[in-house]
Amino acid sequence: MASDIRIGVLVPAGNTIHEREFAAMRPAGVEFRFAGFSYPPADAADFCVELTARMAAPIEQMRAWGARLLLVGCTAASMRCADAASEARLAQLAGVPVVTAAGAAREACVALGLRSVAVATPYGAASNGIVARYLASIGVEVAAIRGLDLDRSPEVWKREVPALTPVQVCELGQSIDGPAAEALYLPCTGLASIEAIELWEARTGKPAFSSVQAGFWASLRRLGLDGRQGGAGRLVAVWPAAA
């Protein structure tokens, strides 16, 4: 690989898990740089327009750094704003290819041939609803979904989500597994997911994917790179083509 391949990643302010998991998977010759952004108020007049405006400054930082691709590493926000107008605004700001957590999840479902998933999250009902509606919109059935309601306050989120262990995350997924679920999806990019994916796949024999892992795979694939490796789940080990 060339030594100057730079990928910029936008994450919600305070999210350190995404950067840690990308560092563990980073191929030689690829550099990731992370920048945070803040959410608009839930009742903003136009949430998606305001979200793009709040991303403008960190996106400009990534352009100045020389990023060749921009990854929006936030699942619920990118699923809420998964429309042509929002994607066009991001592309215009970035000036380079843009991958979102929502788009990466869609590509992963297609590449893995998934028609139904169990979904395990640290979210409450509102964000779980965003995820479920997005998956339905791309033709993927939510066989079961369970959240821990840890977004009920910023304090609870900051304290509890980073503390969840891979075993706890895997067991959360197993608590809703059943014959109707072909795989496990872990949407939240603030949730440690890579080791949990490995545990799930070893215990159940089914694939699992997360927004972090899928974002890694989709971003490198978009640039024509092959980052396959063990220890990060079937999607990254097999490195299937994205449809």
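The values are calculated or read from the model by the stated rules, or taken from the named source; none is laboratory data. None of these values were measured; they are calculated from a predicted model. Every residue, glycine among them, receives a Cβ derived from its backbone with ideal geometry; neighbour counts consider all protein chains shown.
Taking the range 1-39 only, how many residues are in contact (Cβ under 8 Å) with a residue 12 or more places away in the chain, assigned to a loop (DSSP other than H, G, I, E, B) and not small (Gly, Ala, Ser)?
6
Looking at 101, 143, which is the one that is at pLDDT 95 or above, closer than 20 Å to residue 215 by Cα and touching a Pro at 6+ places or on another chain (Cβ under 9 Å)? Explain how you work it out, then say what you get.
On the way: 143 fails: closer than 20 Å to residue 215 by Cα.
None of the other options fit; the residue is 101.
Restricting to the range 126-148, count the residues that are closer than 22 Å to residue 200 by Cα and assigned to a loop (DSSP other than H, G, I, E, B).
The qualifying residues number 2.
So, of the residues in the range 193-211 that are assigned to a loop (DSSP other than H, G, I, E, B) and in contact with a strand residue (DSSP E or B) (Cβ under 9 Å, 6 or more places away or on another chain), which turns out to be farthest from residue 21 (Cα to Cα)?
206
Which condition number in (1) touching a residue at least 60 places away in the same chain (Cβ under 8 Å); (2) over 22 Å from residue 123 (Cα atoms) is the one that residue 62 fails?
Against the list (1) touching a residue at least 60 places away in the same chain (Cβ under 8 Å); (2) over 22 Å from residue 123 (Cα atoms), residue 62 comes up short only on (1).
Look at residue 191 and say whether it is more than 15 Å from residue 15 (Cβ to Cβ), buried (at least 24 other Cβ atoms within 10 Å of the Cβ) and not assigned by TED's automatic domain parsing to the domain that holds residue 13.
For residue 191, the condition - more than 15 Å from residue 15 (Cβ to Cβ), buried (at least 24 other Cβ atoms within 10 Å of the Cβ) and not assigned by TED's automatic domain parsing to the domain that holds residue 13 - is not met.
Of the residues 152, 106, 133, 159, only one is surrounded by fewer than 16 Cβ atoms within 10 Å (Cβ to Cβ) and within 29 Å of residue 69 (Cα to Cα); which?
Criteria check complete, one pass: 133.
Would you confirm, using the coordinates I've provided, whether residue 177 is surrounded by fewer than 21 Cβ atoms within 10 Å (Cβ to Cβ), in contact with a Lys or Arg (Cβ under 8 Å, 6 or more places away or on another chain) and in a loop (DSSP other than H, G, I, E, B)?
Working: surrounded by fewer than 21 Cβ atoms within 10 Å (Cβ to Cβ): yes; in contact with a Lys or Arg (Cβ under 8 Å, 6 or more places away or on another chain): yes; in a loop (DSSP other than H, G, I, E, B): yes.
Yes: the conditions hold for residue 177.
When you check residue 58 against the structure, is it at pLDDT below 95, surrounded by 14 or more Cβ atoms within 10 Å (Cβ to Cβ) and out of contact with any Pro (no Cβ under 6 Å at 6 or more places or on another chain), yes or no? Can you show your working first?
On the way: at pLDDT below 95: no; surrounded by 14 or more Cβ atoms within 10 Å (Cβ to Cβ): yes; out of contact with any Pro (no Cβ under 6 Å at 6 or more places or on another chain): yes.
Considered against the rule, which asks whether it is at pLDDT below 95, surrounded by 14 or more Cβ atoms within 10 Å (Cβ to Cβ) and out of contact with any Pro (no Cβ under 6 Å at 6 or more places or on another chain), residue 58 comes out as no.
Looking only at the range 61-87, filter to residues that are more than 18 Å from the chain's Cα centre (by Cα) and under 27 Å from residue 30 (Cβ atoms); which one of those is surrounded by the most Cβ atoms within 10 Å (Cβ to Cβ)?
Filtering the range 61-87 for residues more than 18 Å from the chain's Cα centre (by Cα) gives 61-68, 84-85.
So of that shortlist, the ones also under 27 Å from residue 30 (Cβ atoms) come out as 61-68.
On the way: 61: 14, 62: 26, 63: 15, 64: 8, 65: 12, 66: 13, 67: 23, 68: 17.
Top of the filtered list is 62.
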